[in-house]
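Okay, structure first, notes after.
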Amino acid sequence: MSLVELIAQADERGLAASGVACLDRCVPLLGGEDEALRPLWASLADGDVWGDWGERVAKVRGELGVGDPEG
């Protein structure tokens with residue numbers, strides 16, 4: 001099965017996990033805290049993935065010093 005086919009079959013949780021995994025590898029290389037993405041990993045492990053996802057992403061963005069994506 002090709003990578004394109006695997007991505008096409010992935011659900012939201014799987015895509016979020018793969019995105020966080022990619023970021024998890026890059027953040028320490030860019031000078032970020034090794035554990036900065038732990039809140040996002042925790043929410044993916046919980047049953048209610050999207051309940052407070054936005055809040056957790058905002059917290060991580062703040063910790064990493066990333067600006068608002070819309071401004």
Subject >> Verdict on Ala42 being assigned to a helix (DSSP H, G or I), surrounded by fewer than 15 Cβ atoms within 10 Å (Cβ to Cβ) and at pLDDT below 85 >> reply: yes
Subset of segment 1-48, residues aliphatic (A, V, I, L, M) and either under 21 Å from Val66 (Cα atoms) or touching a Ser or Thr at 6+ places or on another chain (Cβ under 6 Å) (or both), comes to Ala16, Ala17, Val20, Ala21, Leu23, Val27, Leu29, Leu30, Ala36, Leu37, Leu40, Ala42
Contact list, first residue from segment 1-28 and without any contact (Cβ under 8 Å) to a residue 40 or more places away in the chain, second anywhere and charged (D, E, K, R), beta-carbon distance below 6 Å, six or more apart or interchain, is Pro28/Asp34
Checked Ala21, Ala36 against criteria (modelled with pLDDT of 80 or more and outside any helix (DSSP H, G or I)); the one match is Ala36
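The values are calculated or read from the model by the stated rules, or taken from the named source; none is laboratory data. Since this is a predicted model, take the numbers as computed values, not measurements. Here Cβ is always computed from backbone atoms with ideal geometry, including for glycine, and neighbour counts include all displayed protein chains.
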